[in-house]
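S.K.: Sending over a structure as structure tokens; questions will come in a sec.
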Amino acid sequence: MRLIISEKANAAKKISQFLADGPVKDGKHRSIPHHTFTWNGEECISLGLKGHVMNLEYPEEYSNWQKVEPSALIDAEIQKTVSEKGVAEAIRALAKKADRVIVATDFDREGELIGVEALDVVFEANPALVDHVERSRFSALTKGEVERAFNELVEVSRELAAAGEARQDIDLIWGATLTRWVSRATKRYGSAFLSVGRVQSPTLALIAERERERRAFVPEPYWELDATLQNGSGPFPVRHETERFWDEAAARTAHGNLADTARVAEVRQKSATRQPPTPFSTTVFLSAAANLGLSPSRAARIAEDLYTEGYISYPRTDNAVYPKSLDLRETIGNLTKVEGAGEYAQELLGREKLSPTRGKKETTDHPPIYPTGYAPKSALRDDQWKVYQLVVRRFLATLSDPAKTLRTTLRFGSGGETLTTGGTVVTEEGWLGVYPYSRRSDEELPRLEEGQEVRVLETGVTGKETQPPGRYGQGRLIQIMEDLGLGTKATRPGIIQNLYDRGYVHGDPLIPTETGIAVAQALGDFASEIATHEMTAELESSMDSISEGEVGKESVVDESRDVLRRVYEHLENSQDEFADIVRAGIREDSVLGPCKKCGKNLTVRRAKKSGKRFAGCEGYPECDQTYSLPPRGEIIPLGTLCEGCGAPEIKVVGGRRPWITCIDMSCPKKQAEREAAEAKKAAKAKEADGSTAEGEATSEATTAGGGTAGGESPNGQQPEEGSGKKLERSTT
């Protein structure tokens, strides 16, 4: 019997359906499903894992953060323990019956490592299988691709798995050691710990550095001279050819020179060609998805789901060139029924020749991301449909004609001053006809000829200021991380999400909290290796060398330990200065705003007994003003006061979406909102069943409002401490 091991349950099921010569029999070992079928006359069982079977952790004696020196973790033994006991039991039971094993996990470092971990469990149950292991590598969960992969079985790459294992080891060693050190130095324990990571920290430093640039930016005033002209077809805006006047007097003088009419001095037109976009690599896909309002971590999860459902190809790839083996016409043919893009796909099929675009990077492991099958809209959630449409339209756009545009520039003379305007229109849609995400609205201009006179309707001088450099959006940050070698295509979305989860950033574009800025500054001042990208990029290169068999895993891990010892020594020599910087940032984030009662600061505190947080006045015990705070989510002070009650407003980040509220639950504005919700629910209930349902709606609305004006006393409050043993895994 052949045991086929896949990464997930739905992949295992699909593989059995694609390969089976006849019916598939579904079964379970305890609660773990598996699928029995015949392939090429041989019995097979397809089993799906739940990701990693093994978990890395330190021995129990290292679990106490207060008693164990963080430096002890640098050289401590790292243990591998079974994380999915039910899955491991199923593997052992089925392995005892097998005479061959096929690993069919995702084809990348992590997938190879997951497969090798499963093999360790297999060999433990049936050592005779050591010499009877094969590997199936595919880039799409489609019948044709899976059949090809199983007919072209290869060997498991121990080198590729070792590269993935080296990343795990290094990230645990660095993350656990530095997270414990920073948390101890700043006395932040339990859920309030401050995480530090090999990739996370230099990424945070990029965001913090941009914020410092914005704060150091000194705006310069300038003035713009605008006018509105009109001919027979209607008014249109123009601007002085000096786009920015750095002297107000010069702008006012030019404004005074303008006459009641303007004469067309020049009409210039220029055609341009916009080439179709290149195929989706992971980074380019995540950036495009971010422009649609999907965070990289969310877009990556959705793409993974679409892949396992057989709708798109493997979503983790650096490749931007379609392989010759990809049947473009067959792929287009699968899309002719896709809502909104089917007609365009049908038109492409009628062409004699298809010439796809090519990106700069070409690899041989996976093709670019492309649609592998037809998905009806009804089969997908809204966010899945949005991503599926993006992938479908991008693929079709890469096979399309260029788009052509026409740029028209008009120059006018009025009172000795020159006014100008311009507009671009699409003259041939080409690929923009199927990929609207890159299309800008046409800028129509009136048809004028040189020498023609038009009226000057309105004129004005507007004072403005230069703006600081913009913050990084998630899509842009993903691209910068790739350029600097920070993380991998698989890990970057999670790294950014970690920054949100730890309260280092909020919003999109990313705004660092004062704590985030302080942690980045302290690391930059006293442990620059962890705050810059060079060391991390060098380690990434070393891991590539492991996967190619050029260097061993242990030597790379040992080298990273040596670097960490130097970093740790720098930190130990500057512990007080480091802690002062970080604590100052934490204090700034804890200040919510002024107390209405006495004018002193309201700060975030925690009750000693329950650990619940509340807003308390710094004037305690003279001032006993307190407010309840939401029990979950990161609290971001906004520096604004509620119009209804004058209490500070906060943003709460966590859960499905951020929300903004004032901290006073007895606020008149809140009460009005509750009453409006109450009335709306009552009206809906009345419409639904013909009764007023007033009592029920009132009860529900009151419950939804929740909270009281009071809070727990801040007397003697301190954050509760904890070992935080399991928290070290999220500090990559």
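The values are calculated or read from the model by the stated rules, or taken from the named source; none is laboratory data. Remember, it's a predicted structure, so these values are computed and weren't measured experimentally. So basically every Cβ, Gly included, is an ideal-geometry build from the backbone, and we count neighbours across all protein chains shown.
S.K.: Tell me which strands (runs of 3 or more DSSP E) are completely within region 1-46 and hold 3 or more residues being under 22 Å from residue 116 (Cα atoms), or say none if there are none.
M.R.: Values: elements: 2-6, 25-29, 32-39.
Of the strands (runs of 3 or more DSSP E) lying wholly inside region 1-46, those with at least 3 residues that are under 22 Å from residue 116 (Cα atoms) span 2-6, 32-39.
S.K.: Against the condition within 30 Å of residue 233 (Cβ to Cβ) and out of contact with any Ser or Thr (no Cβ under 7 Å at 6 or more places or on another chain), how does residue 451 come out, does it pass? Let's see the steps before the verdict.
M.R.: Numbers: within 30 Å of residue 233 (Cβ to Cβ): yes; out of contact with any Ser or Thr (no Cβ under 7 Å at 6 or more places or on another chain): yes.
So residue 451 fits the description; yes.
S.K.: Related question: When the residues of region 9-46 are narrowed to those that are among the hydroxyl-bearing types (Ser, Thr, Tyr) and touching a residue at least 24 places away in the same chain (Cβ under 8 Å), which ends up surrounded by the most Cβ atoms within 10 Å (Cβ to Cβ)?
M.R.: In the first step, residues of region 9-46 are kept if they are among the hydroxyl-bearing types (Ser, Thr, Tyr); the result is 16, 31, 36, 38, 46.
Of the ones still in play, those that are also touching a residue at least 24 places away in the same chain (Cβ under 8 Å) are 16, 31, 46.
On the way: 16: 24, 31: 9, 46: 29.
Result: 46.
S.K.: Any chance you could count how many residues in region 212-236 are at pLDDT 95 or above and part of a loop (DSSP other than H, G, I, E, B)?
M.R.: Number of matching residues: 4.
S.K.: For region 547-596, how many residues meet the condition of being in a loop (DSSP other than H, G, I, E, B) and surrounded by 15 or more Cβ atoms within 10 Å (Cβ to Cβ)?
M.R.: The initial filter retains those residues of region 547-596 that are in a loop (DSSP other than H, G, I, E, B), namely 548-552, 573-574, 595-596.
Now drop any that are not surrounded by 15 or more Cβ atoms within 10 Å (Cβ to Cβ), which leaves 551, 574, 595-596.
Going through region 547-596 one residue at a time, the tally reaches 4.
S.K.: Listed residues 682, 697, 688, 672; which is in contact with a helix residue (DSSP H, G or I) (Cβ under 7 Å, 6 or more places away or on another chain), at pLDDT 50 or above and not assigned by TED's automatic domain parsing to the domain that holds residue 508?
M.R.: Details: 697 fails: at pLDDT 50 or above; 688 fails: in contact with a helix residue (DSSP H, G or I) (Cβ under 7 Å, 6 or more places away or on another chain); 672 fails: in contact with a helix residue (DSSP H, G or I) (Cβ under 7 Å, 6 or more places away or on another chain).
Going through 682, 697, 688, 672 in turn, the sole match is 682.
S.K.: Does region 296-307 include one or more residues that are out of contact with any Lys or Arg (no Cβ under 6 Å at 6 or more places or on another chain) and assigned to a loop (DSSP other than H, G, I, E, B)? If you could, list the steps in order and put the result at the bottom.
M.R.: Taking region 296-307 first, the residues out of contact with any Lys or Arg (no Cβ under 6 Å at 6 or more places or on another chain) are 296-307.
Those left that are additionally assigned to a loop (DSSP other than H, G, I, E, B): none.
Among the residues of region 296-307, not one is out of contact with any Lys or Arg (no Cβ under 6 Å at 6 or more places or on another chain) and assigned to a loop (DSSP other than H, G, I, E, B), which makes the answer no.
S.K.: Ok, one more. Report yes if some residue within region 494-509 is of a type in the set (Gly, Ala, Ser), within 30 Å of residue 368 (Cβ to Cβ), in a helix (DSSP H, G or I) and not assigned by TED's automatic domain parsing to the domain that holds residue 637; otherwise report no.
M.R.: Residues of region 494-509 of a type in the set (Gly, Ala, Ser): 494, 503, 507.
Then drop every residue that is not within 30 Å of residue 368 (Cβ to Cβ), which leaves 494.
When the remaining residues are screened for being in a helix (DSSP H, G or I), the result is 494.
Filter again for not assigned by TED's automatic domain parsing to the domain that holds residue 637, leaving 494.
Yes, region 494-509 contains a residue that is of a type in the set (Gly, Ala, Ser), within 30 Å of residue 368 (Cβ to Cβ), in a helix (DSSP H, G or I) and not assigned by TED's automatic domain parsing to the domain that holds residue 637.
S.K.: Test each condition in (1) surrounded by fewer than 24 Cβ atoms within 10 Å (Cβ to Cβ); (2) more than 30 Å from residue 485 (Cβ to Cβ); (3) in contact with a helix residue (DSSP H, G or I) (Cβ under 9 Å, 6 or more places away or on another chain) for residue 253 and report the one that comes out false.
M.R.: Every condition holds for residue 253 apart from (3).
S.K.: Among (1) out of contact with any Asp or Glu (no Cβ under 8 Å at 6 or more places or on another chain); (2) surrounded by fewer than 17 Cβ atoms within 10 Å (Cβ to Cβ); (3) of a type outside the set (S, T, N, Q), which single condition is residue 239 missing?
M.R.: Of the numbered conditions (1) out of contact with any Asp or Glu (no Cβ under 8 Å at 6 or more places or on another chain); (2) surrounded by fewer than 17 Cβ atoms within 10 Å (Cβ to Cβ); (3) of a type outside the set (S, T, N, Q), the odd one out for residue 239 is (1).
S.K.: Looking at the structure I just gave you, is residue 72 of a type in the set (A, V, I, L, M, F, W, C) and assigned to a helix (DSSP H, G or I)? First the steps, then the outcome.
M.R.: Details: of a type in the set (A, V, I, L, M, F, W, C): yes; assigned to a helix (DSSP H, G or I): yes.
Against the criterion (of a type in the set (A, V, I, L, M, F, W, C) and assigned to a helix (DSSP H, G or I)), residue 72 qualifies.
S.K.: Just to check your reading of the model, which residue among 69, 60, 77 is farther than 30 Å from residue 573 by Cβ and acidic (Asp, Glu)?
M.R.: Working: 69 fails: farther than 30 Å from residue 573 by Cβ; 77 fails: farther than 30 Å from residue 573 by Cβ.
Sole residue among the options that is farther than 30 Å from residue 573 by Cβ and acidic (Asp, Glu): 60.
Here is a yes/no grid of residues against (1) out of contact with any helix residue (DSSP H, G or I) (no Cβ under 8 Å at 6 or more places or on another chain); (2) surrounded by 23 or more Cβ atoms within 10 Å (Cβ to Cβ); (3) free of Cβ contacts under 8 Å to residues at least 60 places away in the same chain:
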residue: 48; (1), (2), (3): no, yes, yes
residue: 52; (1), (2), (3): no, no, no
residue: 69; (1), (2), (3): yes, no, yes
residue: 73; (1), (2), (3): no, yes, no
residue: 79; (1), (2), (3): yes, no, yes
residue: 84; (1), (2), (3): yes, no, yes
residue: 101; (1), (2), (3): no, yes, no
residue: 121; (1), (2), (3): no, no, no
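S.K.: So, one more: Return the residue satisfying two criteria in turn: it lies in region 589-638 and is out of contact with any strand residue (DSSP E or B) (no Cβ under 6 Å at 6 or more places or on another chain) and among the acidic types (Asp, Glu), and of such residues it is farthest from residue 653 (Cα to Cα).
M.R.: So, considering only residues that are out of contact with any strand residue (DSSP E or B) (no Cβ under 6 Å at 6 or more places or on another chain) and among the acidic types (Asp, Glu), the one farthest from residue 653 (Cα to Cα) is 622.
S.K.: When you look at residue 123, is it among the hydrophobic types (A, V, I, L, M, F, W, C) and outside any helix (DSSP H, G or I), yes or no?
M.R.: no
S.K.: Then there is this: What are the residues in region 599-656 that are part of a strand (DSSP E or B), crowded, with 16+ Cβ neighbours inside 10 Å and among the aliphatic types (A, V, I, L, M), if any?
M.R.: Looking only at region 599-656, we keep the residues that are part of a strand (DSSP E or B), and these are 601-606, 613-617, 626-628, 634-641, 648-653.
Now drop any that are not crowded, with 16+ Cβ neighbours inside 10 Å, which leaves 601-606, 613-617, 626-628, 634-637, 648-653.
602, 604, 615, 635, 636, 650, 652, 653, listed by residue number.
S.K.: Oh, and also: Out of all the residues in region 26-39, is one or more farther than 20 Å from residue 100 by Cα, hydroxyl-bearing (Ser, Thr, Tyr) and in the same structural domain as residue 144 (by TED's automatic domain parsing)?
M.R.: Within region 26-39, one or more residues are farther than 20 Å from residue 100 by Cα, hydroxyl-bearing (Ser, Thr, Tyr) and in the same structural domain as residue 144 (by TED's automatic domain parsing).
S.K.: Return yes when residue 390 is touching a residue at least 24 places away in the same chain (Cβ under 8 Å), of a type outside the set (Ser, Thr, Tyr) and at negative phi and no when it is not. Show your work before the answer.
M.R.: On the way: touching a residue at least 24 places away in the same chain (Cβ under 8 Å): yes; of a type outside the set (Ser, Thr, Tyr): yes; at negative phi: yes.
It is true that residue 390 is touching a residue at least 24 places away in the same chain (Cβ under 8 Å), of a type outside the set (Ser, Thr, Tyr) and at negative phi.
S.K.: Give me a count of the residues in region 417-453 that are touching a helix residue (DSSP H, G or I) at 6+ places or on another chain (Cβ under 7 Å) and within 30 Å of residue 257 (Cβ to Cβ).
M.R.: 1
Okay, residues lined up against (1) assigned by TED's automatic domain parsing to the domain that holds residue 501; (2) in a helix (DSSP H, G or I); (3) modelled with pLDDT of 95 or more; (4) of a type in the set (Val, Ile, Thr):
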residue	(1), (2), (3), (4)
140	no, no, no, no
145	no, yes, no, no
173	yes, yes, yes, yes
180	yes, yes, yes, no
195	yes, no, no, no
198	yes, no, no, no
202	yes, yes, yes, no
210	yes, yes, yes, no
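S.K.: Scan region 447-459 and give yes if some residue there is assigned to a helix (DSSP H, G or I) and surrounded by 15 or more Cβ atoms within 10 Å (Cβ to Cβ), otherwise no.
M.R.: Start the filter on region 447-459 by keeping residues that are assigned to a helix (DSSP H, G or I), which leaves none.
The answer is no, given that none of the residues of region 447-459 is assigned to a helix (DSSP H, G or I) and surrounded by 15 or more Cβ atoms within 10 Å (Cβ to Cβ).
S.K.: A follow-up question, please. Out of 590, 574, 628, which single residue is among the small types (Gly, Ala, Ser), farther than 21 Å from residue 185 by Cα and either in contact with a Ser or Thr (Cβ under 6 Å, 6 or more places away or on another chain) or touching a residue at least 40 places away in the same chain (Cβ under 8 Å) (or both)? Can you show your working first?
M.R.: Values: 590 fails: farther than 21 Å from residue 185 by Cα; 574 fails: farther than 21 Å from residue 185 by Cα.
After applying the criteria, what remains is 628.
S.K.: If a residue has to be in a helix (DSSP H, G or I) and either assigned by TED's automatic domain parsing to the domain that holds residue 369 or closer than 29 Å to residue 79 by Cβ (or both) to count, how many in region 147-170 make the cut?
M.R.: Within region 147-170, the first condition is being in a helix (DSSP H, G or I), and the residues that meet it are 147-151, 158-170.
Pick out the ones that are also either assigned by TED's automatic domain parsing to the domain that holds residue 369 or closer than 29 Å to residue 79 by Cβ (or both) and you get 158-170.
Qualifying residue count, region 147-170: 13.
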